[in-house]
Each structure stands twice: as C-alpha cells, then as structure tokens.
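Before any comments, here is the structure.
The values are calculated or read from the model by the stated rules, or taken from the named source; none is laboratory data. Just so you know, these numbers come straight off a predicted model, no measurement behind them. FYI the Cβ positions are ideal-geometry reconstructions off the backbone, even for glycines, and counts take in every protein chain you see. For accessibility, only protein heavy atoms count, side chains too; no ligands or nucleic acids. Shrake-Rupley method; radii C 1.70, N 1.55, O 1.52, S 1.80 Å.
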Amino acid sequence: MWKYLKKYLLFGVLASLFMAGEVSMDLVQPNFMSTIVDEGVLGLSNGGVGDLSIVMVTGLKMILCVVIGGSCGVLCGVFSNLCAQNFGNDLRKDTFRKIMTLSFEQTDQFSTGSLVTRTTNDITQIQNMIQQCIRGFVRQMVFMVGGIYCMISMDISFGVIAICAFPFLLVCIIFFLSKVTPFFSIL
C-alpha cells in the first residue's frame, strides 16, 4: 500500500496540518468563553463591574477562530479526499490490469463477481480507511495532546487527573478493540 500512498503523501501531510489547525481553533474557544464570562460579564479583575467592550472584542476573536477552523476543516477534507481518491484510483487501475492478465481458467476459478467486488467495493473500503485515518486519527491525537496541554495550562491539578485517567482509558480501548476485532474479521 505504501507504494501507492507515497505519491500522495503531500496531500496527506497537508490534510493533517489543516486538521491540526481546525482542532487548535476548537481548543482555544473555551479560553475565550472564560474571558467573556470572567472579565466581560462578571468583571472579576475590575471590581465586579462587567465590560461590554471585552465581550465584543473577545466575541469577534471567537468568530474569527470559527472561520479559520471551518476553513481548515474544509481544506482538510479536500486534501484527504485528494489523497484517498488518487490512491484508490491507482490501486484500482493496477488491480484491473492484473485481472486482465489472468487466463480464462483463472478467471473462472475466482469467479467474475468476486473479481468485480475486488476492484470496486474492496478498494473503496481501503480508500475510505485511508481517508478516515488521515482525518480521524490525526484529529483524535491532536485533541488528546492539545486537550491535555490546555488542562495543564489552566491548572496543574487537571493534568494530574488526566494522567491518572489515562491508564484506565487505555485499558478500556484495548478491551473494546479485543472484543470488536473478531467481528471485523467475520465481516
């Protein structure tokens, strides 16, 4: 698979970077909301007097972050689709070329329906897996690392809670993967 994927590595890297940008914009939103409530509404550093200008400026920053995050999300979708679609196209062409070199006896042995399924549905499934890995895996990893960083930067005790919860989370993931994997094999 690497042989087919390496030609489109640039698209995969760009998609990953744009996904990181989208997630980053999602991670800064709670800080802006905190500023609006603490400083703009409650006025905690201003003797309990709220400041509407803080609410307006921070709200505009939030809107800008939403626009940037949305743009990054769209560009991530574009580049991950380019990577996965081109990968699938190349793989499908080579599979078709290989099938065309089979003798009639070999074709009968595999059955025409099976060969059609291999060139269409099976490659589409691999193509979708590539796209989901680019988008989903990168998104979850950046959310995990960024979320832990944001928690620690707010208060170190949040970091201790995250570190304590991490082994439990890892055990749960391994448990569920071990239960689900046989079903994928059957499917």
### Query
Taking the condition modelled with pLDDT of 95 or more, part of a helix (DSSP H, G or I) and among the aliphatic types (A, V, I, L, M), does residue 55 pass?
no
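Mind telling me which of the residues 84, 15 ends up being under 21 Å from residue 120 (Cα atoms), hydrophobic (A, V, I, L, M, F, W, C), in a helix (DSSP H, G or I) and modelled with pLDDT of 90 or more?
Working: 15 fails: under 21 Å from residue 120 (Cα atoms).
Matching residue, one of 84, 15: 84.
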### Query
Looking at (1) within 30 Å of residue 9 (Cα to Cα); (2) at pLDDT below 85, which is the only condition residue 141 fails?
(2)
### Message
Where the second residue is surrounded by 10 or more Cβ atoms within 10 Å (Cβ to Cβ) and at pLDDT below 85 and the first is over 23 Å from residue 148 (Cα atoms) and lies in the stretch 163-183, which pairs have Cβ atoms under 8 Å and are six or more apart or on separate chains?
### Response
none
### Message
Being of a type in the set (Asp, Glu), within 31 Å of the chain's Cα centre (by Cα) and more than 30 Å from residue 26 (Cα to Cα): is that true of residue 90 here?
### Response
yes
### residue 159 vs. criteria within 23 Å of the chain's Cα centre (by Cα) and surrounded by 11 or more Cβ atoms within 10 Å (Cβ to Cβ)
no
### Task
Look through the stretch 32-78, keep the residues that are touching an Asp or Glu at 6+ places or on another chain (Cβ under 7 Å) and within 24 Å of residue 133 (Cα to Cα), and return whichever of them is surrounded by the most Cβ atoms within 10 Å (Cβ to Cβ).
76
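Quick check on residue 102: is it open to solvent by less than 50 Å² (accessible area, probe 1.4 Å) and not in a helix (DSSP H, G or I)?
Numbers: open to solvent by less than 50 Å² (accessible area, probe 1.4 Å): yes; not in a helix (DSSP H, G or I): yes.
In short, yes.
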### Query
Can you spot a residue in the stretch 113-125 that is farther than 26 Å from residue 25 by Cα, part of a helix (DSSP H, G or I) and in contact with a Lys or Arg (Cβ under 7 Å, 6 or more places away or on another chain)?
yes
### Query
Just for the stretch 134-143: of the residues that are open to solvent by 70 Å² or more (accessible area, probe 1.4 Å) and of a type outside the set (D, E, K, R), which one is farthest from the chain's Cα centre (by Cα)?
141
